[in-house]
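The values are calculated or read from the model by the stated rules, or taken from the named source; none is laboratory data. The model shown is predicted, which means the values in this text are computed figures rather than measured ones. Positions of Cβ are generated from backbone atoms using ideal geometry, with glycine treated the same way; all protein chains shown enter the neighbour counts. Note: areas computed on protein heavy atoms with side chains; ligands, DNA, RNA excluded. Shrake-Rupley method; radii C 1.70, N 1.55, O 1.52, S 1.80 Å.
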Amino acid sequence: VQLQASGGGSVQVGGSLRLSCAASGTSFSTLVVDWFRQAPGKQRELVATINTGGITNYPFAMKGRFTVSRDNAKNTAYLQMNSLKPEDTAVYYCHTRIGSRTWYDVWGQGTQVTVSS
């Protein structure tokens, strides 16, 4: 299984970006997909999760400005980010877990998001 994140870039405060996470090597519809981010000097943190049924979940701090979605026909998950702030600057990663009795983490390569004022 491979994940490829894309769509990052530089935006000004208040702008929007949509990140994509393309999956290959497995049936995408069976994957739970998470988005994480890691800012310089900080721990990686969860941004959003979407399960196989399209149910979404966000940590409290991420609710309101981020929307995760998926298109199983395109084997792709998305993270729509609105009203971006400088503190959203980070490398964004998509993630999933595969396996049955033993689970393995699969990470995309990360895409840089920079928000400037």
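Within the range 86-97, the set of residues being under 16 Å from Val32 (Cα atoms) and open to solvent by 50 Å² or more (accessible area, probe 1.4 Å) comprises Arg97 only.
Return the total of residues in the range 74-85 being open to solvent by 50 Å² or more (accessible area, probe 1.4 Å) and within 14 Å of Ser6 (Cα to Cα).
Of the residues in the range 74-85, 2 are open to solvent by 50 Å² or more (accessible area, probe 1.4 Å) and within 14 Å of Ser6 (Cα to Cα).
Residues that are in contact (Cβ under 8 Å) with a residue 24 or more places away in the chain and either touching a helix residue (DSSP H, G or I) at 6+ places or on another chain (Cβ under 9 Å) or closer than 15 Å to Ser16 by Cα (or both) are absent from the range 52-65 altogether. The single condition from (1) more than 16 Å from Gly7 (Cβ to Cβ); (2) in contact with a strand residue (DSSP E or B) (Cβ under 7 Å, 6 or more places away or on another chain); (3) among the hydrophobic types (A, V, I, L, M, F, W, C) that Ala61 fails is (2).
Val115 passes every criterion in (1) over 15 Å from the mean Cα position of the chain (by Cα); (2) hydrophobic (A, V, I, L, M, F, W, C); (3) over 22 Å from Gly15 (Cα atoms) apart from (3).
Across the range 27-61, the qualifying residues are those that are more than 20 Å from Gly99 (Cα to Cα) and hydrophobic (A, V, I, L, M, F, W, C), and the one among them that is most open to solvent (accessible area, probe 1.4 Å) is Phe60.
For every residue, the table says whether it meets (1) in a strand (DSSP E or B); (2) over 11 Å from the mean Cα position of the chain (by Cα); (3) of a type outside the set (A, V, I, L, M, F, W, C).
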| site | (1), (2), (3) |
| --- | --- |
| Arg18 | yes, no, yes |
| Asp34 | yes, no, yes |
| Gln43 | no, yes, yes |
| Ala48 | yes, no, no |
| Gly54 | no, yes, yes |
| Gly64 | no, yes, yes |
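Looking at (1) surrounded by fewer than 17 Cβ atoms within 10 Å (Cβ to Cβ); (2) closer than 17 Å to Thr111 by Cα, which is the one condition that is false for Asp71? Every listed condition holds for Asp71 apart from (2).
The number of residues in the range 1-16 being open to solvent by 20 Å² or more (accessible area, probe 1.4 Å) and either assigned to a strand (DSSP E or B) or hydrophobic (A, V, I, L, M, F, W, C) (or both) comes to 9. The residue pairs whose first member lies in the range 27-39 and is over 17 Å from Asp88 (Cα atoms), whose second member is open to solvent by 20 Å² or more (accessible area, probe 1.4 Å) and assigned to a helix (DSSP H, G or I), and whose beta carbons are closer than 8 Å, counting only pairs six or more residues apart or on different chains, are Phe28/Asn72; Ser29/Asn72. Tallying residues that are surrounded by fewer than 21 Cβ atoms within 10 Å (Cβ to Cβ) and of a type in the set (A, V, I, L, M) within the range 17-26 yields 2.
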